[in-house]
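Note sheet for the following structure.
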Amino acid sequence: MRTFGMWGAGLLALVMCAGVARAETAPDIKAATAHVEAGAAAAYREQLARFDAAQAAAPDDAALAVARCEFIAQYTDEEYGISVASAPEDFDACEAHVLDRMPNAPEVALFKLDRICVLEKSLAEGERLLKVSTQWPPAMRARLLAKLAELDDAKAQRYALDAVRLDANAPVDDATLARAWLDAGDPAKAEQALEGVEATWGPYGELRFDLAIARKDWTAAVAMIDVRDVSDIYPSLQRFGRLAVAAPSTLAQGQMPVLLFMVLAMGAGLAALPVLLLLPVHYRGLVRRLQHRTAQAPLPRVTLWHAWYGAAVALAVPSMLMVFVAPQMLGDTEGATRMGPGVFALMLWSTCVSLLAMVPVLGVFGKRGLLGDGALWRASWRRIVVYWLALIAIVFALNALFTLTGMDTTTEQTRMVAALAEQAKGASGVLLTLGIVALLGPVFEELVFRGLLLNGMARHLDFRWANGIQALLFACMHADPPRFVFYFAMGLFGGWLVRRTGSLAPAIALHVLNNAWAMGLMVALT
């Protein structure tokens, strides 16, 4: 009993002592924070003193002077870590010292460049330094090029390659360097640039896929296609299109058959869309016939089946070809890649393939319906010119309205036309671009809208309704709301020419004249 009492008293004393000790050692948050800050300030001053001593021993060492400023800068803003109260003032003095004492030193120039926060100003200063840095040490010029690669997306790859060629240790982004080597035709160095990088998301995933394509490692490329993420199917479709063109034998491998079925289903769905319009037109025609109201199309051999066929080709062919000819355009919500070289390739392929698809139905127009004859041209050329001048007047009126209202009228359609005009002076060539935009494109569009759709519907509807519907569809197809009135008027004018002459030739001439004038003007002004 006595032993138990002694143990109990000891345990009670231990608990009381622990409580007292805990009460005595419990920190105050403000005091603890002040203690840490005081320690950080002391450590900062200690290290700064070491920099000062080294600088006193080498007062002309620009690299050391800049390193001192960069050290101080780390402690000037509490949002980015530990701050020291005296650091902002120390940094201002350090910056003033290096800029005053060593303004032309490469290290100081790069330090100053890093401190510019506005992208446009930073890029302009970097480009200025590039012109005067020819005598810099290779490592310094390489750092400048690496900085420019970071600032200028358009020239990033060129700057990255120039940087690593001067200095293998230049601080270039791994993905940028790998892409640069890959586009330069050196997949081995591109793969070397990604050594140690395990990331597979975003640009890294695209790089690894592109590397597999470049190495013709079809098995690895197929393995990188995953259709399970249905929320963002476009990357898989892009890879599918590229791989299907590069190695058609892979269409039966992995998940490629699934994507092939998706593309075919997409084409079938687009081809079926015109039925939503043409079926009601058909039944409206039945009602009109029951009422003994007959409709007469300018080209009577064209039926609703022909109208469906033309609309199906116009919808399905470009969309399906995009997967294989310009897959980079898929899922591009901002339109960046849509303005690149892919837009010309897609327009060329889709126009040519679509025109070939029109061959089976050309017979319904007849020779005169397609080409006209001498009497037709003599009777209609003045009207064609009048309609063309009316279209130009509409353009000027719209531009005046846009100027007065300050309205931003830039659309994907206008950006695409501008991109085509720019490319016409490059790889595509003026004549080839004009041949597609001002000849083949108008011929196909007139065959579909004023040829098949207008005449197919005019067999079942009053001509005014048929002409208005096809003109509306024509305007909507161009996806250019600010200039909707212009496209609608062109559609109406073309329809009136077809009705008056019984031929597509005048409507084609009007369309060709308009596109040739517009594209020629764009090329001349670009």
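The values are calculated or read from the model by the stated rules, or taken from the named source; none is laboratory data. The structure presented is a predicted model; accordingly, all values stated were derived computationally and were not measured. All Cβ positions, glycine included, derive from the backbone under ideal geometry; neighbour counts span all protein chains shown.
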For this session: Looking at (1) modelled with pLDDT under 95; (2) not in a helix (DSSP H, G or I), find the lone condition where Val302 falls short.
Result: (1)
For this session: Would you mind finding the one in Leu299, Leu259 that is surrounded by 20 or more Cβ atoms within 10 Å (Cβ to Cβ) and farther than 22 Å from Val353 by Cβ?
Result: Leu299
Exercise. Can you tell me which of Trp136, Trp181 is touching a Leu at 6+ places or on another chain (Cβ under 8 Å), surrounded by 14 or more Cβ atoms within 10 Å (Cβ to Cβ), outside any helix (DSSP H, G or I) and not assigned by TED's automatic domain parsing to the domain that holds Pro235?
Worked result: Trp136
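Any residue in the range 494-511 that is closer than 25 Å to Gly372 by Cα, in the same structural domain as Ala375 (by TED's automatic domain parsing) and under 30 Å from the mean Cα position of the chain (by Cα)?
So in the range 494-511, the residues closer than 25 Å to Gly372 by Cα come out as 494-511.
Of the ones still in play, those that are also in the same structural domain as Ala375 (by TED's automatic domain parsing) are 494-511.
Imposing the further condition that a residue be under 30 Å from the mean Cα position of the chain (by Cα) reduces the set to 511.
For the range 494-511, residues closer than 25 Å to Gly372 by Cα, in the same structural domain as Ala375 (by TED's automatic domain parsing) and under 30 Å from the mean Cα position of the chain (by Cα): present.
Conditions (1) farther than 25 Å from Ala149 by Cα; (2) surrounded by fewer than 18 Cβ atoms within 10 Å (Cβ to Cβ); (3) in contact with a Ser or Thr (Cβ under 9 Å, 6 or more places away or on another chain); (4) not assigned by TED's automatic domain parsing to the domain that holds Ala42, marked per residue:
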site: Glu70; (1), (2), (3), (4): no, yes, no, no
site: Ala73; (1), (2), (3), (4): no, no, no, no
site: Pro88; (1), (2), (3), (4): yes, yes, yes, no
site: Ala93; (1), (2), (3), (4): yes, yes, no, no
site: Asp100; (1), (2), (3), (4): yes, yes, no, no
site: Pro106; (1), (2), (3), (4): no, no, yes, no
site: Lys112; (1), (2), (3), (4): no, yes, no, no
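Quick one: count up the residues across the range 187-215 that are surrounded by fewer than 14 Cβ atoms within 10 Å (Cβ to Cβ) and not acidic (Asp, Glu).
Applying the first criterion (surrounded by fewer than 14 Cβ atoms within 10 Å (Cβ to Cβ)) to the range 187-215 yields 188, 192, 195-202.
If we keep only those that are not acidic (Asp, Glu) too, we end up with 188, 192, 196-197, 199-202.
The total comes to 8.
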Seminar exercise, completed: Counting only residues that are modelled with pLDDT of 95 or more and among the hydrophobic types (A, V, I, L, M, F, W, C), the range 274-298 contains a total of 6
Exercise. Among the residues of the range 188-239, which ones are under 19 Å from Gln253 (Cα atoms), modelled with pLDDT under 90 and β-branched (Val, Ile, Thr)?
Worked result: Val227, Ile233
Exercise. When only residues in the range 463-495 that are in contact with a helix residue (DSSP H, G or I) (Cβ under 8 Å, 6 or more places away or on another chain) and charged (D, E, K, R) count, which is farthest from Ala311 (Cα to Cα)?
Worked result: Arg483
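Just a yes or no: is a residue in the range 147-168 outside any helix (DSSP H, G or I) and crowded, with 18+ Cβ neighbours inside 10 Å?
To start, the set of residues in the range 147-168 that are outside any helix (DSSP H, G or I) comprises 152-155, 167-168.
Subset that is crowded, with 18+ Cβ neighbours inside 10 Å: 167.
Within the range 147-168, one or more residues are outside any helix (DSSP H, G or I) and crowded, with 18+ Cβ neighbours inside 10 Å.
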Problem set entry | Residue selected from the range 347-393 under the condition β-branched (Val, Ile, Thr) and surrounded by 15 or more Cβ atoms within 10 Å (Cβ to Cβ), by the criterion farthest from Met320 (Cα to Cα) | Ile384
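Going by what's in this entry, would Ala471 be described as part of a helix (DSSP H, G or I), of a type outside the set (Val, Ile, Thr), touching a residue at least 40 places away in the same chain (Cβ under 8 Å) and crowded, with 21+ Cβ neighbours inside 10 Å?
No, not satisfied.
Conditions (1) over 26 Å from the mean Cα position of the chain (by Cα); (2) over 18 Å from Trp201 (Cβ atoms); (3) of a type outside the set (A, V, I, L, M), marked per residue:
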| site | (1), (2), (3) |
| --- | --- |
| Ala212 | no, no, no |
| Asp217 | yes, yes, yes |
| Ala220 | yes, no, no |
| Ser231 | no, no, yes |
| Pro235 | no, no, yes |
| Arg242 | no, yes, yes |
| Ala246 | no, yes, no |
| Leu251 | yes, yes, no |
| Leu264 | no, yes, no |
Problem set entry | Filtered residue count, the range 264-276, keeping only those that are surrounded by fewer than 18 Cβ atoms within 10 Å (Cβ to Cβ) and touching a Leu at 6+ places or on another chain (Cβ under 8 Å) | 1
Seminar exercise, completed: Pairing a residue in the range 243-258 that is at positive phi with any residue that is part of a helix (DSSP H, G or I), where Cβ atoms lie under 6 Å and the two sit 6 or more apart in sequence or on different chains, gives Gly254/Val222
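Is it the case that the range 116-123 has a residue that's among the aliphatic types (A, V, I, L, M), surrounded by fewer than 21 Cβ atoms within 10 Å (Cβ to Cβ) and within 28 Å of Tyr44 (Cα to Cα)? Steps first, answer last, please.
Keep residues of the range 116-123 that are among the aliphatic types (A, V, I, L, M), which gives 116, 118-119, 123.
Still in the running and surrounded by fewer than 21 Cβ atoms within 10 Å (Cβ to Cβ): 116, 118-119, 123.
Those left that are additionally within 28 Å of Tyr44 (Cα to Cα): 116.
The answer is yes, given that some residue of the range 116-123 is among the aliphatic types (A, V, I, L, M), surrounded by fewer than 21 Cβ atoms within 10 Å (Cβ to Cβ) and within 28 Å of Tyr44 (Cα to Cα).
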Seminar exercise, completed: By my count, helices (runs of 4 or more DSSP H) wholly in the range 229-297 with at least 2 residues that are among the aromatic types (Phe, Trp, Tyr) are 234-246
Problem set entry | Answer from Val343, Val386, Val325, Val353 - the residue that is among the β-branched types (Val, Ile, Thr), modelled with pLDDT of 95 or more and in contact with a helix residue (DSSP H, G or I) (Cβ under 7 Å, 6 or more places away or on another chain) | Val353
Exercise. Among Leu346, Leu356, Leu370, which is in a helix (DSSP H, G or I) and without any contact (Cβ under 8 Å) to a residue 24 or more places away in the chain?
Worked result: Leu356
